[in-house]
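Q: Sharing a structure here in structure tokens format.
The values are calculated or read from the model by the stated rules, or taken from the named source; none is laboratory data. Predicted model only: the values in this text are computed from it and were never measured. Glycine also receives a Cβ, built like all others from the backbone with ideal geometry; neighbour counts cover every protein chain displayed. For the accessible areas, the whole protein counts, side chains as well, though only heavy atoms, and no ligand, DNA or RNA atoms are used. Shrake-Rupley method; radii C 1.70, N 1.55, O 1.52, S 1.80 Å.
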Amino acid sequence: MSLTEKILSQVPGDALGGLRKVDRLWENLKQNTAPTPAAVKHSQQPLETLDFDIVISGGTLGILIGTALAVRGWRVALLERGILRGREQEWNISRKELDAFLELNLLSVEEIDKAIATEYNPARISFTNTPDIWIRDVLNIGIDPIYLLETLKHKFLHFGGKLFENTPFKTATIHPNGVIVESENTDSPNVNTSFTTRLLLDAMGYFSPIVRQARQGKKPDAVCLVVGSCAQGYPKNDTGDIFASFTPMQNQCQYFWEAFPARDGRTTYLFTYIDADTKRFSLETLFEDYLRLLPEYQNVELEQLKFQRALYGFFPCYRQSPLKMPWNRILPVGDSSGSQSPLSFGGFGAMVRHLKRLTLGIDEALTSESLDKNSLALLQPYQPNLSVTWLFQRSMSAAINQKIDPNQINQLLAAVFGIMEELGEPVLKPFLQDIVLFPALSQTLFKTAISHPGLVMKIIPQVGIANLLDWMVHYVNLGIYTGLQPLGKAVEPQVKNLGTQQQYYFHRLVEAWKYGAGGDY
């Protein structure tokens, strides 16, 4: 019996079976054997009636945008394949990011405080043979998903939203004036349910059939594999780890760690950045390494731990992101859209970051009837501050059979984070929250090149000249977007005199500059 089989047999539920089920999905992705769905169809026949302004498929994160739009008076239907309920595992976020819930009238201050299950300080960045770096107020809030989703569900229903649970998405047929969404009712398998709507929001995540059809079976350019657990029995530790590494490369990749205090124990993650090559190892192999290395990482014996939950998954990333839909009246949001950087796990944090922008933008799109594919594409604009992170992701990974010094990645990261610490929190903090700012990035690059020229020269063959040239385009664009931000603010007063559709286009342009330069930070 392997260590993974032994430990996961102690975890409530079929944790081992769940891990192997996800592993089969990972194997299918590597082999690229899954057929491309035919989830979206067309019809030239106009619809006689439209029951909803918005139908959202995918309730776990769809309830966030659904409630925000229901509060603004739109007719919203939310389809969830199971029961809409948050998971046990907390969602980590920074407190400032929770302001979006207040600004959109989704939660009160009291409700936000009640949603916070854990709060800790400080958090650590750690590499072997270098001093630890400590930072406060970054990813130090643990949100209780069960309370949060239940509270939002009540508000959604209070403002007229319609929730359809056990109603998985099947197909969407696009008509000239709306969309028919077909779903199943799993309580009555032979009963199909139809919804007519002006706009369909896809919040079904990375493996949405709509997204898979739009990407036409393309393999991801990179993948983040993650395993972990929540357990009791650790030595008392009220700090967290945002980024830690203590081993050289193994299995042709670099292992990174995170750790957070949780309400019912301590959560630890092991993650790595790789490609989807068929020779890559399984999640079960990664979990075996996680359990092997966990005692050294947390200074604890496995026998001392009582495992509450096992965590595992993989997050595909595409350079062609955010995703532009080839159809009218369909907009991907959250992980479906690919609007998170290749360094992050996406999910809750990425959704909250764009929640206000998407709510106001969708509101304007519906008001001005800007629902064709080109207009909706403006709600998922090119963001150079996310595109530049592809080079960082590439510098933290290695291709199959690529020969590099086993300690090279750790040495580079230790040097870069050391430079950012010297430059201060205005440089370090945004980066740790997945936001790259042009001045901060420029200072870091310049100082790293001066202080560690040898390390920089080693990275060039690792990432490749083509990737470096591509990155330079995004870096220049990041500077341009940063310079354009004040222009948008200067001409904003004149925009009120334009028609609703012209205002929609202008606001999307200004938002692209703002978010593309990290100006929302």
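Q: Tell me the label-point distance for the pair Glu422, Gln494, using the 7 Å Cα-to-Cβ offset, in nm and rounded to one decimal.
A: Label-label distance for Glu422 and Gln494, simple model: 4.5 nm.
Q: Fully extended, how many nm does the chain gain between Val476 and Asn299 (0.36 nm per residue separation, minus their Cα-Cα distance)?
A: On the way: separation 177, 0.36 × 177 = 63.72 nm, distance 4.46 nm.
That works out to 59.3 nm of additional length.
Q: Any idea of Asp113's accessible area? Nearest 10 Å², probe 1.4 Å.
A: For Asp113, solvent-accessible area is about 80 Å².
Q: Could you work out the helix-only [θ] at 222 nm for the chain, with each DSSP H run of four or more residues adding -39,500 (n - 2.57) and the total divided by the number of residues, to the nearest 500 deg cm²/dmol? Provide the component values of the computation, followed by the final result.
A: Details: 19 runs with 219 residues, N = 521.
It lands at -13000 deg cm²/dmol.
Q: Now, a different point. Count the DSSP beta bridges whose two residues both fall in the chain, then state the antiparallel fraction as a percent rounded to the nearest 5.
A: Values: 51 of 74 bridges.
The antiparallel fraction comes to roughly 70 percent.
Q: Next question, about the same structure. For a bin width of 5 Å, list the pair-distance distribution of the range 368-443 built from all Cα-Cα distances, rounded to whole %.
A: Final binned percentages: 3, 12, 17, 18, 13, 12, 10, 6, 5, 3, 1, 0.
Q: Another question, then. Measuring from centroid to centroid over Cα atoms, what is the spacing of the range 259-330 and the range 376-391 in Å?
A: If you average the Cα positions of each part, the centres end up 24 Å apart.
Q: At q = 0.15 Å⁻¹, work out log10 I(q)/I(0) for the range 254-410 with the Debye formula, treating every Cα as an identical point scatterer and leaving solvent out; two decimals please.
A: Result of the Debye calculation: -0.96.
Q: If you build the convex hull over the alpha carbons only and average its shadow over all orientations, what do you get for the range 61-205? Give it in nm² to one decimal. Write down the numbers at each step before the final one.
A: Numbers: hull surface 47.2 nm².
Result: 11.8 nm².
Q: For the range 1-123, what is the accessible area per residue in Å² when the probe is 1.4 Å? Intermediate values should be presented prior to the final figure.
A: Values: 6030 Å² over 123 residues.
On a per-residue basis, the range 1-123 sits at 49 Å².
Q: Hey, got a sec? Which GluC sites (Glu not before Pro) in the range 240-349 land in a DSSP loop and have at most 11 other Cβ atoms within 10 Å?
A: Details: sites: Glu258, Glu284, Glu288, Glu296, Glu301, Glu303; in loops: Glu301.
Taking the range 240-349 and a limit of 11 other Cβ atoms within 10 Å, the loop GluC sites (Glu not before Pro) found are Glu301.
Q: Between the range 91-117 and the range 19-78, what is the C-alpha centre distance in whole Å?
A: What the calculation gives is 26 Å, centre to centre.
Q: Give the Rg (one decimal place) followed by the Dmax (whole number) of the range 185-297, computed from C-alpha coordinates and expressed in Å.
A: Over the range 185-297's Cα set, Rg and Dmax evaluate to 19.8, 56 Å.
Q: Can you pull the one-decimal nm distance between simple spin-label points at Met457 and Glu111, each 7 Å off the Cα toward Cβ?
A: 5.9
Q: Please report, largest first and rounded to whole Å, the three semi-axes of the ellipsoid equivalent to the range 123-218, where each semi-axis is the square root of five times an eigenvalue of the C-alpha gyration tensor. Mind dumping the intermediate values first?
A: Details: eigenvalues 311, 91, 37 Å².
Those come to 39, 21, 14 Å.
Q: OK, next. Under a straight-distance cross-link criterion of Cα-Cα below 22 Å, which lysines are reachable from Lys114, leaving out those fewer than 8 residues away in the same chain?
A: List returned: Lys96, Lys153, Lys155, Lys356.
Q: Just read off the accessible area of Arg212 with the full protein assembly in place, 1.4 Å probe, to the nearest 10 Å².
A: Accessible area of Arg212: about 90 Å².
Q: Placing +1 at every Lys and Arg Cβ and -1 at every Asp and Glu Cβ, with all other atoms neutral, what dipole size does the range 302-455 have around its Cα centre, in debye to the nearest 20?
A: Using only the charged Cβ atoms, the result is roughly 260 debye.
Q: For the range 242-248, take each phi angle, set θ = phi - 60°, evaluate the Karplus expression 6.51 cos²θ - 1.76 cosθ + 1.60, and give the result in whole Hz per residue in order, putting x for glycine and proline.
A: In residue order, the calculated couplings are 8, 7, 9, 8, 9, 10, x Hz.
Q: How much of the accessible area of the chain, in percent, comes from carbon and sulfur atoms when a 1.4 Å probe is used?
A: Numbers: 11800 of 21650 Å².
Exposed carbon and sulfur together represent 54 percent of the surface.
Q: Sticking with this one: Would you mind computing, in nm to one decimal, how far apart the modelled labels at Asn129 and Thr33 are, each placed 7 Å from Cα along Cα→Cβ?
A: Once both label points are built, they end up 4.3 nm from each other.
Q: Please list Met204, Met420, Met457 in order of solvent-accessible area, largest first, computed with a 1.4 Å probe with all protein chains present. Could the numbers behind the result be given before it?
A: Working: Met204 55, Met420 10, Met457 125 Å².
So the residues, ranked largest to smallest area, are Met457, Met204, Met420.
Q: Moving to a separate point now. Counting Lys and Arg as +1 and Asp and Glu as -1, each charge on the Cβ, what is the dipole of the chain about the Cα centre in debye, to the nearest 20?
A: Details: 49 positive and 53 negative charges, 215 e Å.
Here the size comes out at about 1040 debye.
Q: In sequence order, what are the phi-derived ³J(HN,Hα) couplings for the range 466-473 according to the Karplus relation 6.51 cos²θ - 1.76 cosθ + 1.60 with θ = phi - 60°, rounded to whole Hz, with x for glycine and proline?
A: Karplus values, whole Hz, x for Gly and Pro: 4, 5, 5, 5, 4, 4, 4, 4.
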